[in-house]
Amino acid sequence: MMGGTKILVCGTCPRHGATAGHEKTLGASLGVEIKALLGGGAEGAVRMMNCLAGCKNACNVALAAPGKTRLRFSRLGPGDGESIISAAKIFAQNSAVNLPGDLLPADLRDRLSARSPARIGNAARGTKHNRDGGYNG
C-alpha cells in the first residue's frame, strides 16, 4: 500500500510507562490506532519499536523507506493516527530523498523533530534490513 514505507512507532513512549487511566503507553495506543485505521494495509507497514530517541518529547513516530531520509515526529499521541497515515502516503508517493516539510500535513509540520539521512552502505549492496528490522536505506 505504501511502497516499502514503514511507520515506526515507539511503543515505550512515554519512557516511564503507562499513564494514569491508560493500560498501555501512549505510543502503544497510537500504534494500535494506526494499525486499526490501516486495516489490512497495516500488515508489515507498521512496526512497534523500543525507542526512537525522542524521549524528551514523547510520543514518537518515524517514517522510513529504503534510500530516503527518515523523518521522526514527536509530541504525538492517540488521535494522531490519521495524520501519520496521511504523512506516510505523501512520503511514499514522493520521489524526493529528503521530503520537504511543506508537503506534510499542516498539523505535523511543527512536530517534525528529526531527519536522519539515508544510509548508503548496505542499501548499495541491495540489503534492505538491518539486524533490528529497521531500514538501512
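The values are calculated or read from the model by the stated rules, or taken from the named source; none is laboratory data. If you're wondering where the values come from, they're calculated on a predicted model, not measured in any experiment. Here the Cβ is made from the backbone with ideal geometry for all residues, glycine too, and neighbour counts use every protein chain on show.
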Residue match in region 104-117 (condition: out of contact with any Phe, Trp or Tyr (no Cβ under 9 Å at 6 or more places or on another chain), in a helix (DSSP H, G or I) and of a type in the set (Gly, Ala, Ser))
yes
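Scan Leu52, Leu76, Leu63, Leu38 and give me the residue that is part of a strand (DSSP E or B), under 12 Å from Ile7 (Cβ atoms) and touching a residue at least 24 places away in the same chain (Cβ under 8 Å).
Answer to the selection: Leu63.
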When restricted to Asn57, Asn130, Asn94, the only residue farther than 19 Å from Val9 by Cβ, modelled with pLDDT under 90 and out of contact with any Cys (no Cβ under 6 Å at 6 or more places or on another chain) is Asn94
